[in-house]
Structure formats: structure tokens, C-alpha cells
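The values are calculated or read from the model by the stated rules, or taken from the named source; none is laboratory data. Computed from a predicted model, the values in this text were never measured in an experiment. Neighbour counts are summed over all protein chains in view; Cβ atoms, including those assigned to glycine, are modelled from backbone coordinates with ideal geometry. Surface accessibility is based on the protein's heavy atoms, side chains included, excluding ligands, DNA and RNA. Shrake-Rupley method; radii C 1.70, N 1.55, O 1.52, S 1.80 Å.
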Amino acid sequence: MKLTQARVINYRSIDDSSWVRVDDVTALVGKNESGKTAFLQAIRKINSISGDEDTFSIRDYPRKGYIKYKKIHDQNPCEVAQAEFELNDEEISEIEANFGNGILASNKVIVTKNYKNERNWKISLAESVSQPLNVTAFTQPSTPAPTSFQSAVQPVEDVNNVSERISEQFLEKWLPKFVYFDNYSLMRGKISINELRQRAENGGPFDDADRTFLSLLTLSGVSLEDLEKDLGYEDIKVELESASITITDEIFEYWQQNRQLKVEFDVSQADPRDAAPLNQGKILHVRIENARHRVTVSFDERSKGFVWFFSFLSYFSHLEETESGDLIILLDEPGTALHAMAQKDFLRFMDERLSPRCQVLYTTHSPFMIDLEKLHRIRLVQDMDGVGTVISDDPVNNDKETVFPLQMALGYQMAQTLFLSPHCLMVNSPSDLIYLQVLGDMVAAESGIRIDPRWVVIPVGGTDNLSTFVTLLGDNYVSVAVMMDLTPTNKEKIEAINRKNELEGENPVKWVQVTRVRNADIEDLFEPKIYLELVNLSYANQLEQTLTMRSITESNPRIVERLKAYFAKTGTAGGVFDRYVPAAYLLENFEDFKVHISEDSIEKAKTLVERINSLITEAGSIDTLNSSKRGGSRKSRTASNKSGIKATGVVDFKSLQSSAATGSLPLQTQF
């Protein structure tokens, strides 16, 4: 039987979740307190692996209707959870072998459970079937009848309702067990063996942490009685550690964060000073050794990510070994304690390790727990005013907070498109992009030369962000170029990045540094009076008088810096000159303004385009910028490493007098 959809009604924050489609792996995405956990907790009670310990309570009925419902509860208990299952061909054949071909009108059946914890089935039978029907008697099922049938079921010979007999004889034994796992299921670092054994002898109660530990015992073949005895301590420890090593080895197929971890066990007498029940009898200590730091810590004091992963895999491995029927795994916020990359590893774990064995439903609000290549598995959970929790696969009707994880996941995926081209050109800001586009188009129109489309142009927001972007780019690029001022500070930042890369065994300078001279910005490519005209037009509503060269008398040769000083001094536009304003005006009014751009400016831009394009290389050598600690000189060498050719170098625009940058903006430009 395969779960196809589920529904929860009148449970805590949920009035009616509506039917929720279920895949092999299904993600419930929503903000905190939206009802994700309530949905999982409700459907698990349909057939919880915990048995009668996990049942509905009338107190879970939504408070707004509790008083009214309480009056009718005994006579008309409300259904809480519904689940639709699809029968496979083998199951249908088995039913037909006993009831006749075509007995079922549909291969879908629905199971429900109400607030009296009565489980009922809804089966569509063929119209030709009349009830009551004289059918051959069956032997009593080996599995106990569900609560709803216990009062009605007599010896099978007395039962003549076909639907009931199908559900009793077949559906009940095929019904998958629901397994719920959350942060409260983590195995503890110290366990009172005596107290746990006493509870086991009395039939419980056990919490999720107890079950996780008992699962590990089952895997190791060690019993609580063995742990309590004085004899065979070494043998017991060997068995426990053997089980833990097996699980840990499997974890390391997916756990990339730290491979120097090992789980250890020890048994000691209780310390009377500890709180009950750890103050008497024998205590089992579960500890994690970190070989990297040569220390051990208690299991529940270690990084929650590894503890969660180990606990879950222990529990799941135990279920694989002991459960022969189908399972449905319900994971509540499985990625909370995991690093972003570990979350992506856990997505892979669910696909490769869990879904072949069972269906998985998990809740999350992390963008890294969303696989955008499998959007069909996403269900959005929203708590709506006056309606309660609603679950759907339509992002249009959800609020911004609900879809925010999807937006973040999409943003991350879009960032990865930076790696689609092997050549990256970094610039300061979007205004630089505009000037590149304008000048590049004019160069292309006059000479047919344009910036190589293999360059991806990325605004990084200044040199302070360079190291972050270079780290993000990793080894994906053949050429990385930076179009910024070559000041001593900027040069030192570049060299520091290269020294770090060299220490890590990578190309010490793995990117091209495209610079402008210290006393010029890209705006200085224009004649000063032309750029001032652009500023006057774009700031016309905020300037008290037309700007002239006499207005900006600062000695700084960079016209942008002189304008910043003027705006700050006069309070124009709030005292802030925004480089983007004239750039945006130029882009919008390019056809009218381009006649003012001189041939000299276009010729300089053409030279820059040619020089930048020359830096793209597939092989060979090119000038590299070396650390001042190695002499500060340029030397030629072949640039290559494990990820491919790394072209590096410097373009010096001093010979161009007013410096500038590249040509027309390629399609790969990233904003």
C-alpha cells in the first residue's frame, strides 16, 4: 500500500488541512507555528509504531469549538486524520482471489481515525456487489482487529459485510506504520539501566529517546539485563561499539562535516549526587570521541547535528531489521541542527537511503532543505486567520513569510548560475554595468569589437566583498577579473586572497585583476563637462543651480569624488551623491544623449575591450600578480590546477590617461 494523500480535520491549529498529495519524499514548508508539526502528529496516530501509547485526546480538538464538540463526542466522534492509500497489483490480486475478480471499483482505499481512536475504512466496491453477500468463511486474522471492529467482530462466519471483511483480513495487516522522529528523539548521554529495565518489565512508558536507545541495543544484540550484570562487561562493550561503528560508517557516507568522530560506551555505578533516576544502580555512558582534538564528551553535549544523525540512523536501522511491513517516516525539522551543506547531504540521504525503503514526509523552513529540481514534492503550510492551517502546493495563495524559504532556495540556485561561464568580471556596482553596456554598444557599433560574451559581469559592491565572492566562485572559473581601483589597500586584499589559495595547494593567483589607475573611476572615461551635463540632467529637480567645473573645486582628480564632496557640503539630495542616478538616466535616454559622447571616449573604451578580451585564455601562460612578500614583481608561469586552466594578470590603463572598463554587456551579466 502506498500513501497518496492525507488530510487532518479539527486538530489543534488545523480546522481542515485539505487533502495533501504525498510523494515518495514530501516536504512541508512553512514558518514557525504554522501547523506543520500538528499535521505530522495527527497522521502518525492513524497507525503509530508506538501503538496504543500514541492516541488522540479530546483535548487536541481546536479550542474555539471544544465546548460544543465535547457534548457530542460520545455519540458522534469527529474524524481527525484521513489517509488515502493505493493498492498495488499484488494486493488487488490477493483480494480478488478471495472475493472474485472486479470486486473493487477503485484501487484506492481510505482509512480514517476519530477522537475515540476508532479506525475505519472506506472501500469502493463494484456496483454489482450486493450486500449482505454470501461468501466463503475465513479464518480469524492473526493480527488483532482494530478498535472499531472489536465489538462487532464475531467469528468470521458471522461477518457478511464485504468491506469490513476486506479491511479486517487484508487492509489492516497491510496498513503501513507511521514513524515520527524529532529533536526529542535524540539518544541521551547517560542512561539509568535499572530504571529503564524496570519500565520495560512494566510495559513502559517509553519516550522517543528511550526507543532510540533500545533500538541501538536491538542492533547490537545486547539486552538491558546483560548491561545490568557484572559479567561479560568487555563482551557487552564490544557488541555496543560494533553496532555504533556500523552506524557511524554509514553516516560518513553522507556526513561531510567532521569524519574524526567515534561513539564510545562505558558502564559505571551511579553517582548518589546526581538527580534521579541517575543516582542509583548502573549507568550507561554514551560519549563521542573527537580524534582531531583527542577529547571525549557526553553524547548529549556534542554537536546536535551528528547526535541527531546518529540517533535517527540507529532508530531507522533497527526498524529495517525488525519491521517487515511498510513504513512511513515522519521527520519534524530534520535539518535544524545541520549546517547548510549537511542539509543538502541529508536531502541526498533521504533520496538514496530512505525513499527506496519507505515514504518520507518532513517539515522545514530552511531553503537548504528544498530541492528545486523536485518542486513537485513541496507543500506550503500556512496558518490563515479565521481558517486555520491550510496546506497546498500553490505558492500564489500563500503569504510572503510562507514562500520565503522557496525564494531563498531559488536565489541560491540563481547564484549558482554564476558558474555557468568560466570567465568572471567583477565590478563595483550596477552603475558600472550600465556604463559597460553603453560604451560597449558604441564600440561595437563603430568597430564591430565587443566584450567577449564568455565574460560574466558581476557587481560585488566594493573591494570589501572581494574575498567573499572569490570564495563563492571557488574553482569554477578559468579567468576571474576584477575591475576596481588598484590602490595599495585593494592590492593587499588581492594578494592576501592569493596567499591563502597558495597555502591550500591551489593556484596562488587564480583570477585576472583588471584595474583602473588610482586617480580615475569609470566615469572619468567621459569628458568632465559631458559627465557634469549628465549629472545636471539626472539631478535637475534637486540642484539649486547648474553644476560647472568651477562648482566642484576639490583637488581630487576623480570627478565622482569631487561631486560627493559638493553634495555633502551643500546638502544637495540629502548630502549624498548616488553614482547610479546619472547612470540610470543615461541608460534611459541613451539615444538622445549618445551624440554628446566623444570619439576619444569611444576609442579608449575600444582599447579596454580589446585588452580585457585578450585575458581570456584556454591554455598557456599570462602575467601574474604576485605577493609583495615574494618581491612584488610580475612573472610568467603556466596557470593550471585540478579544476582547469586559471588565467591571471593585470591590465594597466595608465597609457589611456582617463581609465575605464569594458565593452557591451553580455547576456550572462548578473545583477
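Shown are LYS400, LYS113, whose ranking by accessible area with a 1.4 Å probe and every protein chain present, most to least, is LYS400, LYS113. For the pair ASP464 and THR4, the difference between a 0.36 nm per residue extended length and the Cα-Cα distance amounts to 160.5 nm. Sorting TRP255, TRP19, TRP174 by accessible area puts them as TRP19, TRP174, TRP255; the probe is 1.4 Å, largest comes first, and only protein heavy atoms count. With a 1.4 Å probe rolled over the protein heavy atoms of all chains, the accessible area of LYS604, LYS491 falls in the order LYS491, LYS604, largest first. Measuring with a 1.4 angstrom probe and ignoring ligands and nucleic acids, VAL403 comes out at about 20 Å² accessible.
With Cα atoms defining each centre, the range 21-85 and the range 377-403 are spaced 18 Å apart in the structure.
Over 26 Å apart at the Cα level, from the set LYS2/LYS304; LYS71/LYS173; LYS493/LYS604; LYS190/LYS304; LYS68/LYS116; LYS113/LYS173, are LYS2/LYS304; LYS71/LYS173; LYS493/LYS604. Label positions at PHE590 and ASN536, each projected 7 Å from the Cα along the C-beta direction, are separated by 2.4 nm.
For a straight C-alpha distance cut-off of 13 angstrom, the aspartates and glutamates reachable from LYS70 (same-chain residues fewer than eight places away being disregarded) are ASP60. Per-residue surface analysis assigns HIS423 an accessible area of about 0 Å², computed on protein heavy atoms at 1.4 Å probe radius.
Can you compute the FRET efficiency between VAL581 and ASP399 using 1/(1 + (r/R0)^6), with r the Cβ-Cβ distance and R0 = 41 Å? Round to the nearest 0.05.
Details: r = 34 Å, r/R0 = 0.83.
That pair, VAL581 with ASP399, gives E of 0.75.
In plain terms, the chain from LYS70 to SER551 could stretch by 165.0 nm, reckoned as 0.36 nm per residue minus the Cα-Cα distance. A full extension of the chain between SER18 and ASP274 corresponds to an added length of 87.3 nm, given 0.36 nm per residue minus the alpha carbon distance. What FRET efficiency, computed as 1/(1 + (r/R0)^6) with R0 = 41 Å and r the Cβ-Cβ distance, is obtained for ARG348 and THR570, rounded to the nearest 0.05? Efficiency, rounded to the nearest 0.05: 0.10. Note on the range 567-591 and the range 434-462: Cα centroid distance 22 Å, given to the nearest whole angstrom. If R₀ is 35 angstrom, what is the calculated FRET efficiency for the pair ARG611 and MET341, using the beta carbon separation as r and rounding to 0.05? For R0 = 35 Å, the calculated efficiency reads 0.35. Under the convention that each Lys and Arg Cβ holds +1 and each Asp and Glu Cβ holds -1, the size of the dipole of the range 259-400 around its Cα centre is about 660 debye.
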